[in-house]
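What follows is a short report on a single structure.
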2 protein chains.
Amino acid sequence: MATPMPAAEIFTPLRQTAPLTQSLPEQIAARLSERIVSGTYTPGQRIMEQNVAEEFEVSRGPVREALRLLEKDGLVMILPRRGAQVTNPSIEEVNEIFDIRAMLNGLRDRLIAEGPHRAQLIPVLEQDIARLAETAANPGPGDEYIDIVLRLNRLLTQAAGNHRLQTILGSLAVQTVRYTRLGLSTPQRRQQSVRNWQSLLQAIRDGNGDAAERIARQRVIDSRDAAAEHLRAQRA
Amino acid sequence: MATPMPAAEIFTPLRQTAPLTQSLPEQIAARLSERIVSGTYTPGQRIMEQNVAEEFEVSRGPVREALRLLEKDGLVMILPRRGAQVTNPSIEEVNEIFDIRAMLNGLRDRLIAEGPHRAQLIPVLEQDIARLAETAANPGPGDEYIDIVLRLNRLLTQAAGNHRLQTILGSLAVQTVRYTRLGLSTPQRRQQSVRNWQSLLQAIRDGNGDAAERIARQRVIDSRDAAAEHLRAQRA
DNA sequence: GTCAAGAAGATTGTTGACAATAATACAAAC
DNA sequence: GTTTGTATTATTGTCAACAATCTTCTTGAC
């Protein structure tokens, strides 16, 4: 892989040539975000401005703003005079977030099923869902199944055409990746998940908004229950 | 020279005695928020850090953070190198936000109708909704009707017991106050609104979650359509 | 008169220093 | 041995100055 290497590009000491779409705080936030989502920073862990600033060779100002951005996404909690720490939601709070996602995914999928652009979308969905079924049957190494699910969700969220909804769902998705992963860890759950996606696809084909909403909600609720079960087992 | 003790005094005269629950950026954000919601700052207006800093006699740092807080609530939009401006959503965007509110209010009212605490809540609701009906029939000066509606919504949002939902709905409510006001400006709409609230109350009495959700959604959608109608007329 | 290029001004972005507060370690008293 | 008060340290909060960038105004050519 030649391109990735994000670290080098983060701080471009002299950037008078490159327009650079992302601001410095955004770049820092993106890097910290990765670490939180991937678990490098554990829930509850304190993030100290000075450390981050030294590591990225910037002053504390941009780091502070980056932390505010992460707070907006619910990845850290900032307490006055106490700094930022990685959010550590209780099982109840995770359930709450899933409930909200269920409702908003319902809206999203209804909008798609009733929207004008669904014809273009269907072939793409068919392909991804087929790969999903395949991956569920023959689990490879890595997290390919999760990756496809996340991509499908991104695709649908963009396709719904409601910009604010996209923002909120994106934020909630980031907050629950960890738990979604947990909920999709067994073959049984993956098969159930595949069936849900197939039903959704059919509802979209039919242009049936009611069905699309109902299925979407059920899909997230299933995910919620599976995650909760694992969380309970894990914390006991 | 003893340190000047910056203008934290603006809002809390003596800080060494009072623990001060709100940080300086939060206080600034609260003040700016008022101005945006009340219309003192008009949609699209640019907010410049220096001006705010001078007015409140603080440096630009806290102002910057305050603006980030307002961005989190969707009250301003911050563009890199362009600063902050009061959000000026299009009719389509306002509709989008109302759609999201409809779904989440549905969840909220279902949670209440199916929740264990509804018995305590019902008398309070009865009282407020009675006052609502009264105010709709005999409109006084001021915006009492709107005030009661906002209070009812706050009450229900708190009662639902889903903390994240409370945060999101609070933010969305702030963003749409202006348009809610617009949508409730005619007697016809207020009467329709009162009927919706009464139906909701009945659903909560019955512990009927499905009905509560359905009515809540319809209530917000009615509000959305009324606001959109006025917005279209106003902008034409 | 219109448009383009450049200069001047205004505004945001970043930094390092200092102040205020919270967390910790330690000592003394009971 | 526990607890309380105090000193030390670590960390966040705020500020003012400087740098980078965007906007606006002026100037000149066509």
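The values are calculated or read from the model by the stated rules, or taken from the named source; none is laboratory data. Remember, it's a predicted structure, so these values are computed and weren't measured experimentally. Please note: Cβ atoms are built from the backbone with ideal geometry, for glycine as well, and neighbour counts cover all protein chains shown. Remember, those area values only see protein heavy atoms, side chains included, never the ligands or the DNA or RNA. Shrake-Rupley method; radii C 1.70, N 1.55, O 1.52, S 1.80 Å.
Quick notes
- Of all residues making up segment B:164-181, the number that are farther than 19 Å from residue A:94 by Cα and not small (Gly, Ala, Ser): 9
- A search for C-beta distances below 7 Å between a residue of segment A:150-170 that is within 10 Å of chain B (Cβ to nearest Cβ) and more than 24 Å from residue B:166 (Cβ to Cβ) and any residue that is open to solvent by less than 30 Å² (accessible area, probe 1.4 Å) and of a type in the set (A, V, I, L, M, F, W, C), counting only pairs 6+ apart in sequence or on different chains, returns A:160/A:112.
- If the condition is being away from chain A (no Cβ under 14 Å), open to solvent by 30 Å² or more (accessible area, probe 1.4 Å) and within 14 Å of DNA strand D (Cβ to nearest atom), then segment B:45-54 contributes B:45, B:46, B:48, B:50, B:54.
- Residues located in segment B:202-225, provided they are open to solvent by less than 10 Å² (accessible area, probe 1.4 Å) and farther than 9 Å from residue B:113 by Cβ: B:216, B:220
- Residue list for segment A:106-132, filter: acidic (Asp, Glu), within 13 Å of another protein chain (Cβ to nearest Cβ) and open to solvent by 10 Å² or more (accessible area, probe 1.4 Å): A:114
- Selection count, segment A:37-56, where residues are in contact with a helix residue (DSSP H, G or I) (Cβ under 8 Å, 6 or more places away or on another chain), within 13 Å of DNA strand C (Cβ to nearest atom), in contact (Cβ under 8 Å) with a residue 24 or more places away in the chain and among the hydrophobic types (A, V, I, L, M, F, W, C): 2
A quick yes/no check of all residues on (1) of a type in the set (A, V, I, L, M); (2) over 26 Å from residue B:164 (Cβ atoms):
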| residue | (1), (2) |
| --- | --- |
| A:35 | no, no |
| A:38 | no, no |
| A:44 | no, no |
| A:51 | no, yes |
| A:54 | no, yes |
| A:57 | no, yes |
| A:70 | yes, no |
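- Number of residues in segment A:82-105 that are within 8 Å of chain B (Cβ to nearest Cβ) and open to solvent by 10 Å² or more (accessible area, probe 1.4 Å): the value is 3.
- Near pairs, Cβ below 8 angstrom, 6+ apart or cross-chain, from segment A:77-95 (more than 29 Å from residue A:225 (Cα to Cα)) to any residue that is more than 9 Å from DNA strand D (Cβ to nearest atom) and aliphatic (A, V, I, L, M): A:84/A:70; A:84/A:76; A:84/A:77
- Failed item in (1) crowded, with 16+ Cβ neighbours inside 10 Å; (2) within 13 Å of chain B (Cβ to nearest Cβ); (3) assigned to a loop (DSSP other than H, G, I, E, B), with residue A:58 passing the rest: (2)
- Of the helices (runs of 4 or more DSSP H) entirely within segment A:91-203, those holding at least 1 residues that are within 16 Å of residue A:221 (Cβ to Cβ) and in the same structural domain as residue A:225 (by TED's automatic domain parsing) occupy A:91-114, A:144-159, A:163-183.
- Flag for residue A:76 being modelled with pLDDT of 95 or more, under 22 Å from the mean Cα position of the chain (by Cα) and within 14 Å of DNA strand D (Cβ to nearest atom): yes
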